[in-house]
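Undergrad: A single structure is presented below for examination.
The values are calculated or read from the model by the stated rules, or taken from the named source; none is laboratory data. If you're wondering where the values come from, they're calculated on a predicted model, not measured in any experiment. When we count neighbours, we look across all protein chains shown, and the Cβ atoms used for this are built from the backbone with ideal geometry, even at glycine. The accessibility values were calculated without ligands, DNA or RNA, using every heavy atom of the protein model including side chains. Shrake-Rupley method; radii C 1.70, N 1.55, O 1.52, S 1.80 Å.
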Amino acid sequence: MKPMTKLERRAAFRRRLLLAGWLLGAGLILCRAGELQLVEGTEWRSVAGKQHRKTVQVPAPRGSIVDRDGVPMAESRERLRVAVAPHELEDRHAAAERLADALELSQGRAERVTTSKKRWVVVSGHYPPSIKETLGGVRGIYLERGLPRYY
């Protein structure tokens, strides 16, 4: 075996140095991955869980469709659905009166909704946004916004 020349020794040193750099970089990446998984894992899992369970309402109504003369053929109108949680109502009789007045329900129907044994009662129908003024601040009465399409 013949001895290595100065040029060959330099090339071998550079290869070893490059290999050491690659191994050191891979080691640092593995150490950081281990730290993220083992040490900070529970914290990052809770952050991810909050992001996955976040509800965001996107207020984006559909546009109107009009004919060539500008007459609307299809449009979205804001309508509200009303739901009641009877166990959350402070004064059931007063809530029934408000429901009857705002939704034009019979007093008996409003009483049945507010005195129900169910935990959640949805009042059938879609109502105009003007009922927000009457029912908006009542604890136990919930308004759900919808944009149904009218043709």
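Undergrad: Just by accessible area at a 1.4 angstrom probe, what is the order of TYR142, TYR127 from largest to smallest?
TA: Values: TYR142 95, TYR127 30 Å².
Largest accessible area first, the list is TYR142, TYR127.
Undergrad: Hull surface divided by four, with the convex hull built on the Cα atoms of the range 1-91: how many nm²? Before the final figure, lay out each step's value.
TA: Numbers: hull surface 78.3 nm².
About 19.6 nm², averaged over all directions.
Undergrad: Taking only protein heavy atoms into account and a 1.4 Å probe, give the accessible area per residue of the range 6-119 in Å².
TA: Working: 9370 Å² over 114 residues.
Per residue, the range 6-119 has an accessible area of 82 Å².
Undergrad: While we're looking at this one, here's another question. What are the residues whose amide H is under 5 Å from the amide H of ARG77, where those residues sit 5 or more places off or on another chain and H is modelled from the backbone?
TA: Amide H to amide H, under 5 Å and 5 or more residues apart or across chains, ARG77 pairs with TYR150.
Undergrad: Residue by residue through the range 122-127, what is 3J(HN,Hα) from phi via Karplus (6.51 cos²θ - 1.76 cosθ + 1.60, θ = phi - 60°)? Round to whole Hz and write x for glycine and proline.
TA: 9, 7, 5, x, 10, 10
Undergrad: Which percent of the accessible heavy-atom area of the range 1-85 goes to carbon and sulfur, probe 1.4 angstrom?
TA: For the range 1-85, the apolar C and S fraction of the accessible surface comes to 62 percent.
Undergrad: On a 0 to 90° scale, report how tilted helix 6-34 is relative to the longest principal axis of the chain, with both axes built from alpha carbons and the result rounded to the nearest 10.
TA: 30
Undergrad: Using a 1.4 angstrom probe on the protein heavy atoms only, could you order VAL122, VAL84 from most to least accessible area? Please list the in-between numbers first.
TA: On the way: VAL122 65, VAL84 0 Å².
Reading off the accessible areas and sorting them downward yields VAL122, VAL84.
Undergrad: May I ask you to list the GluC sites (Glu not before Pro) in the range 11-99 that are in a DSSP loop and have at most 14 other Cβ atoms within 10 Å of their Cβ? It would help to have the intermediate numbers written out before the result.
TA: Numbers: sites: GLU35, GLU40, GLU43, GLU75, GLU78, GLU88, GLU90, GLU97; in loops: GLU40, GLU78, GLU90.
Within the range 11-99, the qualifying GluC sites (Glu not before Pro) (loop, at most 14 other Cβ atoms within 10 Å) are GLU40, GLU78, GLU90.
Undergrad: I would also like to ask the following. Is the shape of the range 26-142 best called rounded, prolate or oblate, per the rule: a/c under 1.5 gives rounded, else a/b larger than b/c gives prolate, else oblate, with a ≥ b ≥ c the square roots of the Cα gyration tensor eigenvalues?
TA: Values: a/c = 4.86, a/b = 1.62, b/c = 3.01.
Note, shape of the range 26-142 comes out oblate.
Undergrad: Looking at the chain, which longest stretch skips every one of the trypsin sites (Lys or Arg not before Pro) that is in a DSSP loop with at most 16 other Cβ atoms within 10 Å, leaving the sites themselves out?
TA: Details: sites that count: ARG53, LYS54, ARG62, ARG68, ARG77, LYS117, LYS118, ARG119, ARG139.
The reported range is 1-52.
Undergrad: Angle between the Cα long axis of helix 41-52 and the longest principal axis of the chain, 0 to 90 degrees, nearest 10?
TA: So the helix axis and the longest Cα principal axis differ by about 40 degrees.
Undergrad: With unit charges on the beta carbons (Lys and Arg positive, Asp and Glu negative) and the dipole taken about the Cα centre of the chain, which residue among GLN51, TRP22, ALA100 sits farthest to the positive side?
TA: TRP22
Undergrad: Relative to the longest principal Cα axis of the chain, at what angle does helix 92-103 sit, 0 to 90 degrees, rounded to 10?
TA: 90
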